[in-house]
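Colleague: One structure, as C-alpha cells, below. Some questions next.
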Amino acid sequence: MTRCHALRLSLNLGAALLVGAAMTLPAVAQTTNNAPKAAAAPTEGPKARPWMDASLAPEARTELILQQMTIAEKLQLTFSYFATKADWLKSPTKNWEYPKGGLPDSAGFVPGIPRLGIPSQWETDAGVGVASQRTPTPRLRTSLPSGIATASTWNPTLAQAGGAMIGNEAFMSGFNVQLAGGMNLMREPRNGRNFEYGGEDPLLSGTITGHEIKGIQSEHVISTMKHYAFNDQETNRFIMDHHIGEQAARQSDLLAFEIAHEVGRPGAVMCSYNRVNGAFACENDWLLNQVLKKDFGFKGYVMTDWGAAHSTSEAANAGLDQQSGWAFDRSPYFADALREAVNNGHVSEARATDMARRILHSMFAVGLFDTPVAGDRAASIDYAGHAAITQADAEEGIVLLKNRTGLLPLAKSARSILVIGAHADAGVLSGGGSSQVYPHGGPTNGLVVADEYPSGFPGPKVYHPSSPVKELQARTGASVTYLDGKDAKAAAAAARKADVVIVFGEQWTGESIDVPDLSLPNGQDALIDTVARANKNTVVVLETGGPVLMPWLPRVGAVLEAWYSGTSGGAAIARVLTGEINPSGHLSATFPASVAQLPRPKLEGDVKLDSDAHPMSNYDIEGAAIGYKWFDKTGAKPLFPFGHGLSYTSFALTDLTAAADGAGIKASFTVRNTGAVQGKAVPQVYVAGAGWEAPRRLGAFTKVDLAPGASQQVSVSIDPRLLATFDVASHSWKIAAGTYTVSLAASAAESVASTKVQVAAATLPGSAR
C-alpha cells in the first residue's frame, strides 16, 4: 500500500478524470440510511438474527444474512474510505470527506450496517505491526522484525506467534482488518519492499507468510495476502506490465501464494498496482477469477491496493470485490458507478451478491461478528510480553554469515569494544512506507533519531529505541564506546586501540523506491574497509532490507545480517554477539556477488515516466528460476547462497533415506549437535528432476533444537507440486516418471548427502485441492 506519496498523488490528481463535479458520492454517514428498504429484520434474540448462531458454518450464516440485504446494502460493503485526514486528497474532482466512524490516521474504513448487525471494517497496515500514518503523534506499537528476517528464522511456529502478537495489537487498537501477509518473491534484489516479504523461494515464503496470516486471524482480525501478483519491484509499480508465461507463473510467485493460502486461509487478498500480461492485476480475470478463486478455491474477497482500481464493470466482472481507500483512485468506481452498472446489467446482480458474500464469509469465518472489536484499548496491551515475542523472532532471524574462529561470540577477555555507525547508540533501523510501525517506548513522535529522509514518503526514517550499544554495555565487562563513523580517519584511529570493533552498516529501503544498486550507501563500504585495515578483529552487523555487496568481506573477521530487527532488535543483536543466543538464522534470499549475475543487471523501468505510460517487463527471462535456482541454472557463484547460516556449534546431517510417498516423497535423516553449545539446526532437503526451470528445488525444511551431543531423527514430506511442472494445456500438475535425486543440505550450495528415488508418473489437478 502507499500513503501520502506525493509522486503518486501528483500522477493521480494531475490525470484525474473530471467526474467529481458531476457525481454525487454519499457521505459515509448516509450510506446506510439511503439504502432502499428491505423487510424489517427483527433486532432481538437468536431467532431474529439466525446468522448470529455461531454453531452454524460461515457459509450458512452468510446465506442467511444475504437473504435480508438489499442490493444497496450489499454494494455498501464493496467500497472503503481512506481514514486519515489529509487535505491533499481533496480536489475539485473528488468529493472526499473524512469517514465518520473511521479510526484516526489509519488505512481504511468500511461502514457497517447496524440494521443487520454487520460490523464496520476498520483497516490497519501492515505486516510487522500496527502502522500509523505520519502525524506529530502517531500510534506507538510493537514491531516485529522485517518479513525477510522472519523468513530467515525458517521457523513457522515463530511466524505464527508473531502474527498472533500483531493481530492482538490490531484488535486491541480497534482494528479488525490487517493489511499484512506480504510475500512477493524476490525476483529483484533492489526492490525497495523486499524487507516486507518472505524471500525468494515459494515453499519457504508461502509457509512462513501463511503461518503469520494464521496467527493474525487467530485474534479475530482478517489478514490480507498481498500483493497479488508479481509486484516484485517499486519502480513504475503503478504502470509496469510484467509478462510471464502461465507455467512459469504457477511454478513461482503463484505457487507461493497458493501455499500461503492453504496454510493461512486469509480472509482477503490485496491485488497489486501493476499490470500482468497486459491487464491491471485488480481487473485481471486470469489472476482473480481463474487462478485465485477457481484454482486455489479462495472463498474470501479481493480488495485493491490503495490507488489500484481502474474501472467499474471490467474490474467487478474480472473478480475485484472491494475498492480500497477512496480517494486514492481517479474515481470512486465502486460507489455510484457500480450501483448503476448493476442496475443496467453490466454487472449482474448475482455478481454483486457474490461480492458481498465473499466479504461476509470472511467476517464470519474470522470472527468479526462473534468477537467484535471494542474500540481502542491500547492501554491494556501487554507490551512487555509482546517485546519478548518480537525479540525471539529477531534472535532466530539473525544470520551469521562469516566468523573467523574465536572472534564471535565476543570473548569475555575483551577489555575494549568500539561500536561504529548506524546510530547504534540510539536504536535499530526499520523499513519505510505504509508498513511503518512507530515505536512504543520512545518519544511521542516516534523518532528517537532525527529524521534523515526529509523528502516525505516513504519516510520518516525510523529507529526503534533498542540500542545495541546500551545492550552490549549491560552484557559485557568491557568498555563499550561509540563513534558515528562520519570521520573514517578518526574511526580507524580509535579502532587501532580497541580489542574488538563492531561496525554497523545500514541500508534504508522503503515503499515506492528501489535502491539504485546493492552497495551500502553513503560511503559505508569505504568506512568498513578502512576500519578493518586498522583492526583485524572487526565485526560487521548489517541492518538491511535485502542482499548487499561486501567488497570488504575478506578483511573483516565476522559478519552478522540482522535485517530490520524490530522493537527488541538491539537486545537480540547483543545477545547473539555475546553468545547468550546461538545464531540460527539462515538466508531466505541469495546474496549475489555482483549485479551482473542477476537476470536483469539493469533495473527495468524509468522513474521519469508518467502515469499513462505502459512500460514492459519480461519475467520470462528467468521464468520460475528465481534466486538460487537462477544461480544453479547459470552456474554463477553467489557471495552467500540461499539457506546459508553459521552457528557457534556444529551439526552433522546423516542417515539420509528417501522413498516415494503417494505422489510425493518422504525423506528421513538424523541431525546431531557435534559441538559444545546448544543450537538450532536448519536441515534443508532439495530435490532434482528433469525438465524443470532449474536443476533443483527446495523440497522441505525443518528446524531442530539440540543440546551438545544430542541427536534427533527427522522425517519430512515433499509436496508433489515440487516434483511437478504445471501443464498449461491440461491445466494440471504433471510429475514425470523417473529417478529423482534427494539431497540433504545446510544451504542451497552445501549438500552433505544425497540419494536416488524412483517416482511414478502422476497428474495432479490444477484446481482447488
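Colleague: From the list Ala736, Ala749, pick out the single residue that is open to solvent by 30 Å² or more (accessible area, probe 1.4 Å), in contact with a Pro (Cβ under 6 Å, 6 or more places away or on another chain), modelled with pLDDT of 95 or more and over 12 Å from Leu656 (Cα atoms).
Modeller: Selected residue: Ala749, the only one of Ala736, Ala749 that is open to solvent by 30 Å² or more (accessible area, probe 1.4 Å), in contact with a Pro (Cβ under 6 Å, 6 or more places away or on another chain), modelled with pLDDT of 95 or more and over 12 Å from Leu656 (Cα atoms).
Colleague: Oh, and also: Taking Val503, is it open to solvent by less than 20 Å² (accessible area, probe 1.4 Å) and in contact with a helix residue (DSSP H, G or I) (Cβ under 6 Å, 6 or more places away or on another chain)? Before the answer, list the steps.
Modeller: Working: open to solvent by less than 20 Å² (accessible area, probe 1.4 Å): yes; in contact with a helix residue (DSSP H, G or I) (Cβ under 6 Å, 6 or more places away or on another chain): yes.
Yes, satisfied.
Colleague: I've got another one for you. For Gly163, only one of the following conditions fails: (1) among the small types (Gly, Ala, Ser); (2) open to solvent by 10 Å² or more (accessible area, probe 1.4 Å); (3) in contact with a helix residue (DSSP H, G or I) (Cβ under 7 Å, 6 or more places away or on another chain). What is its number?
Modeller: (2)
Colleague: Kindly indicate which of Leu89, Leu103, Leu144, Leu75 is touching a Phe, Trp or Tyr at 6+ places or on another chain (Cβ under 8 Å) and over 29 Å from Pro58 (Cα atoms).
Modeller: None of the other options fit; the residue is Leu89.
Colleague: Additional query: Are any of the residues in region 513-528 buried (at least 24 other Cβ atoms within 10 Å of the Cβ), of a type in the set (Ser, Thr, Tyr) and part of a loop (DSSP other than H, G, I, E, B)?
Modeller: no
Colleague: If I filter region 407-414 for residues that are of a type outside the set (Ser, Thr, Tyr) and under 25 Å from the mean Cα position of the chain (by Cα), do I get at least one hit?
Modeller: no
Colleague: Looking at Leu587, Leu577, Leu603, Leu646 in this structure, which one is of a type in the set (A, V, I, L, M, F, W, C) and farther than 30 Å from Arg475 by Cα?
Modeller: From the options Leu587, Leu577, Leu603, Leu646, the qualifying one is Leu603.
Colleague: I'd like to know if region 241-252 contains one or more residues that are within 21 Å of Asp125 (Cβ to Cβ) and basic (Lys, Arg).
Modeller: No: zero hits.
Colleague: Quick test for you: out of Ile222, Ile213, Ile239, pick the one residue that is farther than 17 Å from Ala151 by Cα, touching a residue at least 12 places away in the same chain (Cβ under 8 Å) and crowded, with 24+ Cβ neighbours inside 10 Å.
Modeller: On the way: Ile213 fails: farther than 17 Å from Ala151 by Cα; Ile239 fails: crowded, with 24+ Cβ neighbours inside 10 Å.
Answer to the selection: Ile222.
Colleague: If you scan region 483-510, which residues turn out to be in a strand (DSSP E or B), over 33 Å from the mean Cα position of the chain (by Cα) and within 26 Å of Pro460 (Cβ to Cβ)?
Modeller: Leu483
Colleague: Might you check whether a residue that is without any contact (Cβ under 8 Å) to a residue 60 or more places away in the chain, part of a loop (DSSP other than H, G, I, E, B) and either open to solvent by 10 Å² or more (accessible area, probe 1.4 Å) or among the aliphatic types (A, V, I, L, M) (or both) occurs anywhere in region 132-144?
Modeller: Within region 132-144, one or more residues are without any contact (Cβ under 8 Å) to a residue 60 or more places away in the chain, part of a loop (DSSP other than H, G, I, E, B) and either open to solvent by 10 Å² or more (accessible area, probe 1.4 Å) or among the aliphatic types (A, V, I, L, M) (or both).
Colleague: What pairs come out if I take residues in region 531-553 that are over 20 Å from Ala411 (Cα atoms) and pair them with residues that are of a type in the set (D, E, K, R) and open to solvent by 10 Å² or more (accessible area, probe 1.4 Å) whose C-beta lies under 6 Å away, six or more apart or interchain?
Modeller: That search, which allows pairs on different chains as well, returns Glu543/Glu506; Pro551/Asp525; Trp552/Asp529.
The values are calculated or read from the model by the stated rules, or taken from the named source; none is laboratory data. Note that the coordinates shown come from a computational prediction; the quantities given were computed from them, not determined experimentally. So basically every Cβ, Gly included, is an ideal-geometry build from the backbone, and we count neighbours across all protein chains shown. Areas reflect the complete protein model, heavy atoms only, side chains present, ligands, DNA and RNA absent. Shrake-Rupley method; radii C 1.70, N 1.55, O 1.52, S 1.80 Å.
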